[in-house]
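Below is one structure, written out as structure tokens; comments come after it.
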Amino acid sequence: MLPNWQSPTAMKVSMMQKFSQLYQALDQTTSTNAKVAAMVDYLQQATAADAAWAVYFLSGRRIKRLIGASLLRSWLHQSSDLPEWLVEESYASVGDLAETIALLLATPGKRGSDRTLSDWVENHLLPLRTMPPEQQQALVTRWWEQQNYQQSFIINKLMTGALRVGVSQLLVARAVAEFADLPRSLVLHRMMGEWSPDEAFWYALVSEDRGETVSSRPYPFCLASPLEASVDTLGPIQAWMAEWKWDGIRAQLIRRDGETWLWSRGEELIGTRFPEITAAAENLPDGTVLDGEILAWDNQAVLPFSELQRRIGRKSVGKKLLSEVPCLFMAYDLMESESTDIRSLPFTRRRAKLEALIGQSTDPGFRISPLVAADSWQALAELRESSRQRQVEGLMLKHVEAPYQTGRKRGFWWKWKVEAYTIDAVMLYAQAGHGRRANLHTDYTFGVWQNDTLVPIAKAYSGLDNSEINELDKWIRRNTLERFGPVRSVTAEQVFELAFEGINLSTRHKSGIAVRFPRIKRWRKDLSPRDAETLEQVKRLINPVPEKDIVADTSSEDN
Amino acid sequence: MVSEKSAGKSIRIAHPVDDLIKATDTGLACDAGDFVIDPMKRTRTAVISHAHADHARAVADHYYASESSVPLLKRRLGDDQDIRGVPFGQPIRLGQTQVSFHPAGHVLGSAQIRVEADDEVWVFTGDFKRDHDPSCEPFELVPCDTLITETTFALPVYRWQSGAEVVAEIAQWWQDMQQAERPAVLFAYSLGKAQRVLSELRAFTDRTVYLHGAVYPLTEIYREAGIDMLPTAAIDLDDRQKKYAGELIIAPPGASGSTWMRRFPKASTGFCSGWMRIRGNRRRRGYDRGFVLSDHADWPGLLKTIEETGARRVLTTHGQADALIRLLREQGMDAAELAISYRDEGVDDAEI
């Protein structure tokens, strides 16, 4: 202790408190180095069982929701002695249920729990699942009242799902690697796939490299960066290979030891949802791992993403859906061949092996993503203009020498998307955001004209900078027509240019259309609501559209 | 006061008069007393609740204010202004009304304004808090018929820890930064919050704290008023030799992200505000640390004050009071929002 300080005597800090301190440290800094340092510091103090759970939660995994949000809200209402609407109002203002509970009920100044993280999870939280609701309520509400804010918040977060504290799986792997003095890629690989957070897992995670593979374990995906600069900056086109950028589900197909695993990028096993793909995989030799895209595909063409969505939601699929929306695996990389990890080979060599493996396959469950040949960037740019007719998002550019990278490393894989669709639409509703943006209206609903009324067409969350968000928030508060809980309807006055990636007919939406990835391109203060698009004009954007119309449409926004 | 009520009532029935205090473009206007409380536009006579810029503007010919706020007001409005200091609790006559100032516990000299006319008592809380604060006069409860209250933090999620507990966290952070040999730059409003921290820190250390140019002169005024605080020194930007590693620096929030910060390489930044209670605000601001320290009443403080004043009618000034008004109405009270706001709605960094 420094000489001229009078400090309270150090209290013994429990492992659960250490974990909540780690959470706060991660939450309070934006520096990745500081985050890694905080995690390493925690791992040095944690027991193996706690470390396993910490890695589990921090890397974004979650225990299946133990108690539904509406039940928690009703218990909160009962415990708080506040009218139900006031609890709801508080929740709407905070934007996070776990936090709202802690803010309303936690006792300030309490010391917090003496238990370890693993004790909390295994002996207190998980057993809730099999209890009758009255017993759950008695236990949970007692915790709410006994804990201080930080502990209550963490316990609520664990109970309701993900921790979400702004660290990626990659960053957690970096911390574990630093702690255990192992290569980062090895740790990351060991963290992939399904595992249970126990002592055995932790010891295996930090054990020395034995060159092991677990047959189901996927490799970390290589991610592309959006190409913002001109393609000319990439040097001669001969150093690059181009493929269409498919709009499907990124997936990794593993065939090892006579078994097949199909992993999504979110590391979910999705094989049962795509039986035609897993059936095709049975013909692959053992020790094969493919990277590619799951697409809805009918004969010679990719189907709209909205069709694929019908398959995503189902754990198992019936015959009717299988025949209406057939799917295939569009393979574009080979990571493991003949049981050997070939990720360090240059792209051209992996591509050659991939072509040798399935290039000649007639199985309808597979296709190989064709190369898009062009001898100049200019020629490639022209081909890219046909993306919309092909139902693709643009082009992927892969460096011929590029190894299969771990995560997003700039300079090897670029996504070169076509210009987005744009329309002018009027703001109709606003809602306060969540988390970082609680208290501010950041979620907006926009409409376009149908005769004399505005029909909602898109919700958008991003695209404005902080000062615009603040300005708009003030405007929204002054121009609220009606409030429906956290949602406000506002005067139809503000016009925004929206950009989106795709558009399809939809029976689920009032407007009759659904747009993909809508976002705000700019705030058009120069336009009046009457300048906004009509629904008819928007519907005309739906494919198929002659190429020159699209070109005209996208170029007009630059004027 | 209660015993003479009936007379006042009969007059009002015969000549239905307007409210004693009304929200106007100029501010909270009292026609019977011919003055405006905390005016925002040109007027003759101002009655000022406290020296923060959103309440004390140089727009009046004459000012009345609490005695202990006069040095701060002169600093803010100019030495040549006609500012009359009135001791707390001492009534003065303005027009047909009797006006007195009562401590609001917000900052040094901050006052609630009590206005009495025709046996009717109105109190404007100004900005206030109920929590202990060694740097200003403690809040005094003033019974009234109509209470005009601030409602900056009018939701039940806003409950404060004591200032001493929060400042203990600040002291710990400072100590950590001392060990890490990094400057600790604390952003706090330059009038009130900064001095409250300096005063509470006395319990932990006797080290010198360095002050931004906007904080230093105001702190000197506090010191002259006899407030016990840590020793302070103004930051001399020209002194290139001085290193601030391990030192605590207090600056107004506006200095955050300015070129001024370049003087403090590797600084850890902290922000003192009631808004820091909400995680989203903490994260959005991008400070390394958020300390939940407010000079405004929290939710329990607002409810307690409304109840204890015995007011039959509650009017609010700061917006964001929908929930409070609805709750009071459900409890059978006459509550409404006044069309006046001393700031923009939404999260305000300064929280003054």
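No lab work stands behind these numbers, since they all come straight from the coordinates. Since we're looking at a predicted model, the values are computed, not measured. Note that each Cβ is placed from the backbone with ideal geometry, even for glycine, and that neighbours are counted across all protein chains shown.
Quick look at the numbers
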{"item": "Which of B:Phe124, A:Phe221 has the fewest Cβ neighbours within 10 Å, and the rest in rising order", "result": "A:Phe221, B:Phe124"}
{"item": "Eligible aspartates and glutamates near A:Lys510 by straight Cα distance, threshold 18 Å, same-chain separation 8 or greater", "result": "A:Asp452, A:Glu533, A:Glu536"}
{"item": "Order of B:Thr149, B:Thr316 under a 10 Å beta carbon neighbour criterion, fewest first", "result": "B:Thr316, B:Thr149"}
{"item": "Coil-residue chymotrypsin sites (Phe, Trp or Tyr not before Pro) of region A:447-535, DSSP, other Cβ within 10 Å capped at 16", "result": "A:Tyr461"}
{"item": "Relative contact order (%) - criterion: Cα under 8 Å, at least six apart; region: region B:15-132", "result": "18"}
{"item": "Value of relative contact order over chain A, rounded to a whole percent, pairs C-alpha under 8 Å and six or more apart", "result": "12"}
{"item": "Sorted by Cβ density within 10 Å, fewest first, the residues A:Ile312, A:Ile503", "result": "A:Ile312, A:Ile503"}
{"item": "Most mobile listed residue (B:Gly78, B:Gly332, B:Gly301) in chain B, GNM with C-alpha springs under 10 Å", "result": "B:Gly332"}
{"item": "Principal axis dimensions, chain B - Cα atoms, whole angstrom, descending", "result": "75, 46, 32"}
{"item": "Where trypsin sites (Lys or Arg not before Pro) fall in DSSP loop in region A:177-238, at most 11 other Cβ within 10 Å", "result": "A:Arg210"}
{"item": "DSSP bridge orientation in the protein assembly as shown - percent antiparallel, rounded to nearest 5", "result": "65"}
{"item": "Projected area averaged over orientations for region B:52-138, convex hull of C-alpha atoms, nm²", "result": "5.9"}
{"item": "Shielding by partners, peptide A:90-96 (average Cβ within 10 angstrom, other chains)", "result": "4"}
{"item": "17 Å Cα-Cα reach of B:Lys193 towards lysines, excluding residues that sit fewer than 8 places from it in its own chain", "result": "B:Lys129"}
{"item": "Loop-located GluC sites (Glu not before Pro) in region A:458-501 whose Cβ has at most 11 other Cβ within 10 Å (DSSP)", "result": "A:Glu493"}
{"item": "Gyration tensor (alpha-carbon) shape descriptor, the protein assembly as shown, a/c threshold 1.5", "result": "prolate"}
{"item": "Largest-first principal axis extents of the Cα set of region A:421-556 (Å)", "result": "45, 28, 27"}
{"item": "Global form of region B:61-112, assessed from the alpha-carbon gyration tensor, a/c cut-off 1.5", "result": "oblate"}
{"item": "More than 19 angstrom apart: percent of Cα pairs within region A:440-519", "result": "41"}
{"item": "Label-point separation in nm, B:His62 to B:Gln96, each point 7 Å along Cα→Cβ", "result": "1.9"}
{"item": "Centroid-to-centroid separation of region A:409-460 and region A:59-103 [C-alpha atoms, Å]", "result": "27"}
{"item": "For region B:163-291, the Rg and Dmax computed from alpha carbons only, in angstrom", "result": "13.7, 39"}
{"item": "Straight-distance crosslink candidates among aspartates and glutamates, where the alpha carbon sits under 13 Å from B:Lys22 and sequence neighbours closer than 8 are dropped", "result": "B:Asp31, B:Asp34, B:Asp38, B:Glu337"}
{"item": "Pairwise centroid distance, computed over Cα atoms, of region A:143-221 with region B:162-220, Å", "result": "38"}
{"item": "Principal axis box of region A:69-160, alpha-carbon based, largest edge first, Å", "result": "35, 31, 20"}
{"item": "For region A:421-556: relative contact order, % (alpha-carbon pairs under 8 angstrom, 6 or more apart)", "result": "29"}
{"item": "For region A:222-417, convex hull of alpha carbons as volume per residue, Å³", "result": "118"}
{"item": "For region B:212-352, alpha-carbon Rg relative to the globular expectation (2.2 N^0.38 Å, N residues)", "result": "1.38"}
